[in-house]
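Structure first, commentary second.
The values are calculated or read from the model by the stated rules, or taken from the named source; none is laboratory data. Values in this document were obtained by computation on a predicted structure and should not be read as measured data. Positions of Cβ are generated from backbone atoms using ideal geometry, with glycine treated the same way; all protein chains shown enter the neighbour counts. Ligands, DNA and RNA are excluded from the accessible area calculation, which covers all protein heavy atoms including side chains. Shrake-Rupley method; radii C 1.70, N 1.55, O 1.52, S 1.80 Å.
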Amino acid sequence: MTIFSKIISREIPADIVYEDEHCLAFRDVNAQAPLHVLVIPKRVIPSLVEVDSSDATLLGHLLVTASQLAPKLGYANGFRTVINCGSDGGQTVNHLHVHLLAGRHLGWPPG
Ligand code: 5GP
């Protein structure tokens with residue numbers, strides 16, 4: 001179990017900005033941009049390398065949710081979505097999550 005399961009079950013607090021049957025979105029505790037939200041599935045999937053075609057609808061739902069949240073939360077000038085995967089990908093919490101970042105110009109390539 002990760003810290004994100006405890007956020008889903010409300011054992012630890014988070015600034016939740018959206019919730020539905022399949023996913024939860026909350027502000028990252030260590031925000032890297034004026035808007036930094038994590039969109040996570042309620043069903044635990046440890047990382048993007050552990051998905052298969054049966055997860056396609058859920059993965060699409062996470063992206064659609066992220067896309068709709070950015071303008072809804074007041075960020076109309078674009079955004080970035082990131083899914084870190086594995087140690088080289090920079091993943092630190094083993095519960096799949098989509099980072100949604102907005103509110104400043106984001107450089108490329110990532111560090
Ligand atoms: P990763 O590095 O796995 O892609 O991203 C994990 C993210 O989770 C990090 O950006 C980190 O700041 C965030 N995070 C870790 N623990 C907590 C927590 O307890 N609450 C919230 N809101 N975010 C967390």
State the percentage of accessible surface on the chain attributable to carbon and sulfur atoms; use a 1.4 Å probe and exclude ligands, DNA and RNA.
54
Which of the trypsin sites (Lys or Arg not before Pro) found in region 1-35 are in a DSSP loop and have at most 15 neighbouring Cβ atoms, other than their own, within 10 Å?
ARG10
Counting only heavy atoms of protein chains, what accessible area per residue, in Å², does the chain have with a probe of 1.4 Å?
59
Are there GluC sites (Glu not before Pro) in region 1-73 that DSSP puts in a loop and that have at most 14 other Cβ atoms within 10 Å, and which ones?
GLU11, GLU21
